[in-house]
Each structure stands twice: as structure tokens, then as C-alpha cells.
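Chemist: What follows is a structure written as C-alpha cells; I'll ask about it next.
The values are calculated or read from the model by the stated rules, or taken from the named source; none is laboratory data. As the structure is a computational prediction, the values presented were derived from the model and not from experiment. With ideal geometry, Cβ positions are generated from the backbone for all residues, glycine too; neighbour counts draw on all protein chains shown.
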Amino acid sequence: MNSFFSGEPGIPFRDYGFAHTVMIIVFITVMVLIIRYRKVLRDNPREKQFRIAAGIFALLLEAGFKVWLFVYGRLTISELFSLDLCYITLLLSSAAFIAGSRKLFSILWFWWFGGFLSILFPDMGTESFSFDRFRFYHYFLVHSSFIWMNMYYLFVKQNVPTKKSAVQSLLLLILLVFFTLSMDCIFKQNFMFLCDPPFDADFIMRIYNYSHAAYSIIYFFLMAIVSILSSSTLYFSYKKTIGQP
């Protein structure tokens, strides 16, 4: 059991290897189940208890990660008070899931895309943990969980965003990005990867090496485009295929 919670990598993790592929399949499978059994979940008399339990589980999983960091001497101020979009979205989605807040989920409409990218392009820090380590399950489950929560509120609770809430969501995300960028510059951090690239893609590195400011601006616009496209795709899929109860 101690090896499971070890701070040192065990079995090597490989992008799109066996462990990664399994977690992607699990992620997609749960999404399909939410859509397929939306009516069953909606009409279940214990639906509220399920939501509260799921929200608490997500928060406990993140709290367990903080304890894990502390045990191995890796819990820094930036980790404890992270401004990463996925971390903020997880906390707000879990709180909204527990409280049953439709309004908060409407605000988070454009925020969940970061979890999707994190699942496709994992970044677990300098070490690569696979399925024999706690960190592996924490990483994939927390990023999957807030996407599942937002999908749940769309398909099960039928919390369809309005034009007004969509605009509010996007504007708040823009404000958060600019605030985070300023904190990155002041405290020499890299929350949301606004100062340094998350991966070594050739075109990204060319821009970064040419101008750090240009990289931050272009990366921000890429985030916005991916956010709008991914959220719009989910929205139109909902309206076209299963928009009815």
C-alpha cells in the first residue's frame, strides 16, 4: 500500500500507452452513461444524495493530493493556492454540485475545456506516474470529474446556458486569465501555462522564443477558441440529438 502512495514513479507512464488509453476510455464511457441514463438519474429519488456524495468525493480526492504533496515536502504556496484553471473549475464545480447551483454551473460553461485538454495531453509535473500510483488516479479523476459534473447538469438537470450566461461565463474567464497572468508575472509562476508552453510543439516554441509576450497573447486566444468550439459543440449536440427531456 505504501508503494501506491509513493512520491516516486513506478511503472513508466507513456502518452497514449495502455494506462492513458484506459483512462480516456473510462472518461468517455462515463460521459456516454450520463447521456444514456439521464432520465433515470433525473428521476432517481436519491439524486440529491448522489450529487452531494460525488461532489464531496471530488473535494476529498483533491484534499488527499494536498496531503500527499505535504508528506513528500512538495506542498508550496503556489500548489496550496493554485490559480490553475482546472483547479478553480474543480472547486467551483464541486461546490455547485453539492449545493445544486444552476447559476454557478452556467458561469462555468466555458471553463471545463481545460480538463479535456489535460486528459488528452497529461502533465503530472516533472515525474510521470502510471496506474500503480495514487497520483495517476488523482490526476485523471479530478480532471474528468468536473467535466462529468458540468455534463450532468446539462443533460440530466437540463441546465442549458442562455446567451446572457454564456457571455458572462466568457467575460469572467477572460478576467480570470488576465488576473492570473498578472500574478504569474509578479510571483514568477506559470499558472494556466500563460508564461511558458505546456508542451514542446514546434510552432508554439517558435513563437515563445521570438517573444514571450506574443506567446502569452496567442496562447490566450487559442484557449478562447478551444473553449468556445468545445462548449458550442456540446451545446449543439445537446440541442440537436437529445434536447428533449
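Chemist: Specify which of the listed residues (Y235, Y215) is at pLDDT 85 or above, assigned to a helix (DSSP H, G or I) and more than 17 Å from the chain's Cα centre (by Cα).
Modeler: Only one candidate qualifies: Y215.
Chemist: Please tell me if F129 is at pLDDT below 90 and either of a type in the set (A, V, I, L, M, F, W, C) or under 16 Å from the mean Cα position of the chain (by Cα) (or both).
Modeler: In short, no.
Chemist: Considering only residues of the stretch 61-87 that are among the aliphatic types (A, V, I, L, M) and closer than 27 Å to Y219 by Cβ, which is modelled with the highest pLDDT?
Modeler: The selected residue is L69.
Chemist: Name the pairs: first residue in the stretch 177-197 and within 16 Å of F81 (Cβ to Cβ), second residue part of a helix (DSSP H, G or I) and of a type in the set (A, V, I, L, M, F, W, C), Cβ to Cβ under 6 Å, at least 6 apart or on different chains?
Modeler: Between residues of the stretch 177-197 that are within 16 Å of F81 (Cβ to Cβ) and residues that are part of a helix (DSSP H, G or I) and of a type in the set (A, V, I, L, M, F, W, C), the close pairs are T180/F191; T180/M192; D184/F191; M192/L85.
Chemist: Sticking with this structure for a sec: Just give me the residues in the stretch 67-86 being free of Cβ contacts under 8 Å to residues at least 24 places away in the same chain and either within 19 Å of S101 (Cβ to Cβ) or exposed (fewer than 13 other Cβ atoms within 10 Å of the Cβ) (or both), in sequence order.
Modeler: Selection gives V67, F70, G73, T76, I77, L80, F81.
Chemist: Then there is this: Could you tell me whether L141 is surrounded by 17 or more Cβ atoms within 10 Å (Cβ to Cβ) and either in contact with a helix residue (DSSP H, G or I) (Cβ under 7 Å, 6 or more places away or on another chain) or not in a loop (DSSP other than H, G, I, E, B) (or both)?
Modeler: Yes, satisfied.
Chemist: Suppose we keep only residues that are over 24 Å from V167 (Cβ atoms) and either at pLDDT 90 or above or touching an Asp or Glu at 6+ places or on another chain (Cβ under 6 Å) (or both) within the stretch 88-118. Which one would you say is surrounded by the fewest Cβ atoms within 10 Å (Cβ to Cβ)?
Modeler: Ranking the candidates gives I98 first.
Chemist: Shifting gears a bit: Taking S230, is it hydroxyl-bearing (S, T, Y), within 18 Å of the chain's Cα centre (by Cα) and under 22 Å from T89 (Cα atoms)?
Modeler: Considered against the rule, which asks whether it is hydroxyl-bearing (S, T, Y), within 18 Å of the chain's Cα centre (by Cα) and under 22 Å from T89 (Cα atoms), S230 comes out as yes.
Chemist: Let me ask something else. Scan the stretch 168-196 residue by residue and report those that are surrounded by fewer than 17 Cβ atoms within 10 Å (Cβ to Cβ) and not in a helix (DSSP H, G or I).
Modeler: K188, N190, D196 - these are the residues of the stretch 168-196 that are surrounded by fewer than 17 Cβ atoms within 10 Å (Cβ to Cβ) and not in a helix (DSSP H, G or I).
Chemist: Now for a separate question. Check the stretch 126-136 and report whether any residue there is buried (at least 17 other Cβ atoms within 10 Å of the Cβ) and without any contact (Cβ under 8 Å) to a residue 60 or more places away in the chain.
Modeler: No, the stretch 126-136 contains no residue that is buried (at least 17 other Cβ atoms within 10 Å of the Cβ) and without any contact (Cβ under 8 Å) to a residue 60 or more places away in the chain.
Chemist: Give the residues of the stretch 17-46 that are touching a helix residue (DSSP H, G or I) at 6+ places or on another chain (Cβ under 8 Å) and either surrounded by 15 or more Cβ atoms within 10 Å (Cβ to Cβ) or under 22 Å from R135 (Cβ atoms) (or both), sorted by residue number.
Modeler: Result: A19, M23, I24, V26, F27, V30, M31, I34, I35, R38, L41.
Chemist: Within the stretch 15-120, which helices (runs of 4 or more DSSP H) (wholly inside it) include 1 or more residues that are within 30 Å of L181 (Cβ to Cβ)?
Modeler: Ranges flagged: 18-36, 47-71, 77-80, 85-99, 102-107, 113-120.
Chemist: Which of the residues that make up the stretch 92-119 are more than 21 Å from F155 (Cα to Cα) and out of contact with any Phe, Trp or Tyr (no Cβ under 9 Å at 6 or more places or on another chain)?
Modeler: L117
Chemist: If you go through the stretch 144-167 one residue at a time, how many are more than 26 Å from F57 (Cα to Cα), part of a helix (DSSP H, G or I) and hydroxyl-bearing (S, T, Y)?
Modeler: Total satisfying the criteria: 1.
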